[in-house]
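The values are calculated or read from the model by the stated rules, or taken from the named source; none is laboratory data. Since the model is a prediction, treat every value here as computed from it, not as a measurement. For neighbour counting, all protein chains shown are included, and Cβ atoms are generated from backbone atoms with ideal geometry for every residue, glycine included.
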Amino acid sequence: MKDTALSAIHTALGAKMVPFAGYNMPVSYQGINIEHETVRENVGVFDVSHMGEFFVTGPNALALIQRVCSNDAAKLVDGQAQYSCFPNEDGGVVDDLIVYRLEIEKYLLVVNASNIDKDWAWINAHNTMGAELKNSSENYSLLAIQGPKAIEAMQSLTSEDLAAIKFYTFKVNNFAGIDDVIISATGYTGSGGFEIYCKNTDALQIWSKVLEAGKDWGIKPIGLAARDTLRLEMGYCLYGNDIDDTTSPLEAGLSWITKFNKDFVNSKALKQEKERGVTKTLVAFELTQRGIPRQGYDILNNQGETIGVVTSGTMSPSMNKGIGLGYVPVELKEVGSQIQIQIRKKTIPATIVKLPFYKK
């Protein structure tokens, strides 16, 4: 089990530590609901240093990214980020990721922790154009400072105007006394904030200064459990739950990052799928009675027939009701459609709703 540069700090702070994607990670400190509310109302900081970082450089960097990614990275300019995915050759998804354009011939790909080795092998296998690749996952730390108070709480740590960094753009500047830090207006919570990329050797200084700077704004360290409830309230896909090697990006509602103005892995088959239409699709639902949907629970129609499966589910801390995502036949995707969730020996009625669950 690997540690991040901050694992000892989390233990000292009393975090409950769990194995996650091969790393020893903090799942919670004070409890999911408290931590969730902190991010929705104020500001919290996550250690998500288990994520993977690949640098793609050289004159053929863009050509490789265009080949392996579904989105159109040619649209990026320096300082922009883009959500994308690696399609596989069977109609599914190898991983979802964020592409950062640092310079015209220098990109950073940020991938999921559980898929680092798989993704590294995948991108190398398709690097027939000779782009320069470097896996820096073991050398970088990533802190997510999330919440509506993030800008004012963190402004004292940098000369960069944080309010001027627009969503899915980034700056490279001094932060918390450390030079060349990536300050990215991205995140997985839907409550605004930044993701901070730094070298492992600088992580402790940045973590400490972030907590000190955020004291007056009620900052707290936040664990992975609240990260999951926050992302689910927004309807953000989680790899391994809502998307995987068997789910099409079109079925998962990711047609907006699947651009057919270029050739990429399996693009012809995915274009044909788009033209003929998918037969199942990922939907969001809310329980209309008390209950908590969980991954793997069956989804039933009103005749009691199994029609799908819950891919993500929880009790929403913000709304105090059971919410979830799952795949159903496309004819049931309309908002307001009625389904049922099999929770142990009970069937609980649910309604298909429009994302996000949480409205600010």
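Assorted remarks:
- TYR83 being on the phi < 0 side of the Ramachandran plot, of a type in the set (Ser, Thr, Tyr) and in contact with a Lys or Arg (Cβ under 7 Å, 6 or more places away or on another chain): no
- Among the conditions (1) farther than 18 Å from GLN295 by Cα; (2) in contact with a Pro (Cβ under 6 Å, 6 or more places away or on another chain), the only one that GLY214 does not satisfy is (2).
- Among the candidates LEU102, LEU157, LEU109, LEU76, the residue that is in contact with a Cys (Cβ under 9 Å, 6 or more places away or on another chain) and surrounded by 15 or more Cβ atoms within 10 Å (Cβ to Cβ) is uniquely LEU109.
- Test set (1) surrounded by fewer than 24 Cβ atoms within 10 Å (Cβ to Cβ); (2) not assigned by TED's automatic domain parsing to the domain that holds ALA185 - SER84 fails condition number: (1)
- Flag for VAL94 being without any contact (Cβ under 8 Å) to a residue 40 or more places away in the chain, touching a strand residue (DSSP E or B) at 6+ places or on another chain (Cβ under 7 Å), part of a strand (DSSP E or B) and surrounded by 17 or more Cβ atoms within 10 Å (Cβ to Cβ): no
- Output for segment 299-319, where each listed residue is over 23 Å from the mean Cα position of the chain (by Cα) and assigned to a loop (DSSP other than H, G, I, E, B): ASN301, ASN302, GLN303, GLY304, GLU305
- Looking across segment 254-293, not a single residue is of a type in the set (Asp, Glu), assigned to a loop (DSSP other than H, G, I, E, B) and surrounded by 15 or more Cβ atoms within 10 Å (Cβ to Cβ).
- A single member of ALA226, ALA131 is assigned by TED's automatic domain parsing to the domain that holds MET25 and crowded, with 17+ Cβ neighbours inside 10 Å, and it is ALA226.
- Pair list, Cβ < 6 Å and 6+ apart or interchain, from segment 210-223 residues that are not assigned by TED's automatic domain parsing to the domain that holds GLU152 to residues that are assigned to a loop (DSSP other than H, G, I, E, B) and modelled with pLDDT under 95: none
- Strands (runs of 3 or more DSSP E) completely within segment 1-54 that count 3 or more residues being crowded, with 23+ Cβ neighbours inside 10 Å: 44-47
This table checks each residue for (1) surrounded by 21 or more Cβ atoms within 10 Å (Cβ to Cβ); (2) under 23 Å from SER49 (Cβ atoms); (3) within 23 Å of the chain's Cα centre (by Cα).
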position: TRP122; (1), (2), (3): no, yes, yes
position: ALA125; (1), (2), (3): no, no, no
position: GLU152; (1), (2), (3): no, no, no
position: ALA163; (1), (2), (3): no, no, yes
position: PHE167; (1), (2), (3): no, yes, yes
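- Test: GLY296 is part of a loop (DSSP other than H, G, I, E, B) and closer than 22 Å to ARG231 by Cβ: yes
- Within segment 55-75, being in contact (Cβ under 8 Å) with a residue 40 or more places away in the chain, of a type in the set (Gly, Ala, Ser), part of a helix (DSSP H, G or I) and within 20 Å of VAL93 (Cα to Cα) holds for one residue alone: ALA63.
- Elements of the type strands (runs of 3 or more DSSP E) sitting completely within segment 149-234 and holding at least 3 residues that are under 24 Å from GLN80 (Cα atoms) and touching a strand residue (DSSP E or B) at 6+ places or on another chain (Cβ under 6 Å): these cover 170-175, 178-184, 193-199.
- Test result for ALA113, hydrophobic (A, V, I, L, M, F, W, C) and in contact (Cβ under 8 Å) with a residue 24 or more places away in the chain: yes
- Scanning segment 326-359 for residues that are in contact (Cβ under 8 Å) with a residue 24 or more places away in the chain, surrounded by fewer than 14 Cβ atoms within 10 Å (Cβ to Cβ) and under 27 Å from THR189 (Cβ atoms) yields a total of 1.
- Residue in segment 303-325 that is under 24 Å from SER84 (Cα atoms) and surrounded by fewer than 21 Cβ atoms within 10 Å (Cβ to Cβ) present: no
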